[in-house]
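A short write-up of the structure that comes next.
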Ligand code: HC0
Ligand code: SF4
Ligand code: SF4
Ligand code: SF4
Ligand code: SF4
Ligand code: FES
């Protein structure tokens, strides 16, 4: 056991751990900038500096790179340390457009906290008349504002470690070091997945989603538009964080109420779309089983993963499930089924989704995601954008009463809600496929082997008389390892789920930011996922399967027909081609 003294407290550990992490785990706060859990930092910002006495010498060291050793005596806030950190922050302020009032990050900006803590001041404030040369707004998903960039490197490292695409890098342009995409290309023109893990890693407002708030506000204000809204599974598990409600708080009911107060005409739920996707995807799996392939079938609901297949593994395009993602399949229904039952002209329907994801903006914009000449989804807001909209409207979110979604396309099953966590799509599909094949209402429907945050999860599942191998790949980087190590060929896999973000959509690039400090202390992914699994497990079995959702049964009976055939085949599928 090692003994380390930090600010007078004796801390014991046998872990191989940095001083920074050890301090944080023991509630001693050390400021940091470039350090982020799971990423090691590509710069040395020196904000985490501490004074360490060890083996007779005392020196200043960066605590995120210094491992805790027995006998170390650490001071985190000596005058010398404070002075150095303040100086460092002041230097950064000289290059940072410090206009917090209008900034989207003002409530959870890691840099602003440092400025307040150190009382640093710019020696000459960085004022920008025209921001255009600093902005990159070419992508539909992600935007760069270099007037805010601190060159901490967290985005570059997150991209490399979590996606393996290495899309972002530092480059010298006109003598200045800037963060930029490979060869300065637009994100969409690189191998980027548009997953937004770089955005999630950014401590400031330098990387953000491309906002569509104005578009949505305009649509709501337009009396001729019937504006439909639906939130994704993972949004309900995190939105409360932006209203100081802590981690792991289920805010489903409050979110519906807020959406109504914001003026949306109809409040539905993407979980209904997830149930639709399962109807189609489980049916497709059964067809592939009957026709002996092509295997493995891959899930296709994550647009980050779709870009990974297109950019790196086009040989697997034919293996992707042709069922449209919950977002798009829901969009199709809002432009076909819903206008039919509500007696509205489909052209007047304007569909907005709330997503934990930046890639969903790109997905909504894909030219093929159009039905009868209409966009399936007209605008996509991230969880953060929705929170901003609620705050702008001065709605006291935490105090709202719960309400229900509108039933026609707002009712959902437990299978639909677990989509938002890694393994959820697989579990949801297996529940339905097994019931369909065995023609039973099975009671044993918990596939715990595919839950949790391991990089690769596997199970062998009996469907009918045969056994099938399934795998869940959690995170884009794990997927490339799975393919490139040859593991994918070690046995015949029948069905593989892939989600690009580590943990699935609960940890998507459009979710509330989680600071470096909180990431060290708190298992926020697990807390978010627990909201979804609690919703599922608190229901009766009949309410946990997509095909038993009464609103789904009604839609298929009254309008669509049988899954995988006729109308359903026409409307709800897309064939991926090179
Ligand atoms: Fe997801 Fe989805 S689960 S991708 O993570 O499949 O974004 O939450 O909305 O479409 O349902 C994101 C989340 C969705 C879709 C669903 C799927
Ligand atoms: Fe203020 Fe942070 Fe925005 Fe900079 S990024 S203007 S410090 S809130
Ligand atoms: Fe990398 Fe994803 Fe960001 Fe693209 S969106 S640069 S793949 S982290
Ligand atoms: Fe750091 Fe954000 Fe700049 Fe990337 S864009 S280097 S994460 S401040
Ligand atoms: Fe988007 Fe979810 Fe895929 Fe991440 S895992 S890119 S949040 S769909
Ligand atoms: Fe430790 Fe940057 S060098 S946080």
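Just so it is clear, none of the values below were taken in a lab; they were calculated from the coordinates. Fair warning: this is a prediction, and the values are worked out from it, not measured in the lab. Heads up, the Cβs are rebuilt from the backbone with ideal geometry, glycines too, and the neighbour counts pull from every protein chain shown.
Evaluate E = 1/(1 + (r/R0)^6) for residue 562 and residue 40, where r is the Cβ-Cβ distance and R0 equals 56 Å; express this FRET efficiency to the nearest 0.05. So, using R0 = 56 Å, E works out to roughly 0.60. Of the beta bridges in the chain, as assigned by DSSP with both residues counted there, near 60 percent are antiparallel. Measuring between their Cα centroids, the stretch 26-76 and the stretch 531-558 lie 50 Å from each other. The calculated FRET efficiency for the pair residue 526 and residue 224, based on their C-beta separation and a Förster distance of 56 Å, comes to about 0.80.
Each label point was placed 7 Å from the Cα along the Cα-to-Cβ direction; for residue 94 and residue 570 their separation is 6.7 nm.
As a proxy for reagent exposure, 321, 546 were ordered by neighbouring Cβ count within 10 angstrom, fewest first; the result is 321, 546. Packing, taken as the mean count of other beta carbons within 10 Å per residue, orders the peptides 169-181, 254-266, 12-24 from highest to lowest as 254-266, 12-24, 169-181. Distance between the 7 Å Cα→Cβ label points at residue 16 and residue 367: 5.2 nm. To the nearest ten degrees, helix 326-335 and the longest principal axis of the Cα atoms of the chain are 50 degrees apart. Would the stretch 498-578 count as rounded, prolate or oblate if I go by the C-alpha gyration tensor, calling it rounded below 1.5 in a/c and otherwise prolate when a/b exceeds b/c, oblate otherwise? Cα axes put the stretch 498-578 in the oblate bin. Computing Rg and the Kirkwood Rh from the Cα coordinates of the stretch 159-281 gives a ratio, Rg/Rh, of 1.06. Taking label positions 7 Å along the Cα-Cβ direction at both residue 124 and residue 515, the computed distance is 3.2 nm, reported to one decimal. The stretch 430-449 and the stretch 92-120 have Cα centres separated by 52 Å. Size descriptors for the stretch 128-210, from the alpha-carbon set: Rg then Dmax equal 11.7, 37 Å. Taking packing as the residue-averaged number of other Cβ atoms within 10 angstrom, the listed peptides 50-60, 234-244 run from highest to lowest as 234-244, 50-60. Fraction of C-alpha pairs exceeding 35 angstrom in the stretch 214-572: 18 percent, rounded to a whole number. When a/c reaches 1.5 or more, the comparison of a/b and b/c decides; with that in mind, is the stretch 377-531 rounded, prolate or oblate per its Cα gyration tensor? Oblate shape, in that a/c is at least 1.5 and b/c is the bigger or equal ratio. Dividing the alpha-carbon radius of gyration of the stretch 516-555 by the rule-of-thumb value 2.2 N^0.38 Å gives 1.77. Helix content alone sets the calculated 222 nm mean residue ellipticity of the chain: runs of n ≥ 4 DSSP H residues at -39500 (n - 2.57) each, divided across all residues, give -9000 deg cm²/dmol.
Between 0 and 90 degrees, the angle of helix 383-392 with respect to the longest Cα principal axis of the chain falls at about 80 degrees. Among rounded, prolate and oblate, which fits the stretch 2-92 when a ≥ b ≥ c are the square roots of the eigenvalues of its C-alpha gyration tensor, a/c under 1.5 means rounded, and a/b larger than b/c means prolate? Here the stretch 2-92 falls in the oblate category. Seen against the Cα atoms of the chain and their longest principal axis, helix 424-438 is set at about 20 degrees. Applying 1/(1 + (r/R0)^6) with r as the Cβ-Cβ distance of residue 29 and residue 462 and R0 = 56 angstrom yields a FRET efficiency of 0.60.
Beta-bridge orientation, the stretch 454-578: approximately 60 percent antiparallel, per DSSP, counting only bridges with both partners inside. Averaged over residues, the count of other Cβ atoms within 10 Å places the peptides 146-158, 220-232, 99-111 in the sequence 146-158, 220-232, 99-111, highest first. Each DSSP beta bridge with both residues in the stretch 2-92 is either parallel or antiparallel, and the antiparallel ones are about 90%. For residue 7 and residue 87, the difference between the fully extended length at 0.36 nm per residue and the C-alpha to C-alpha distance is 26.6 nm.
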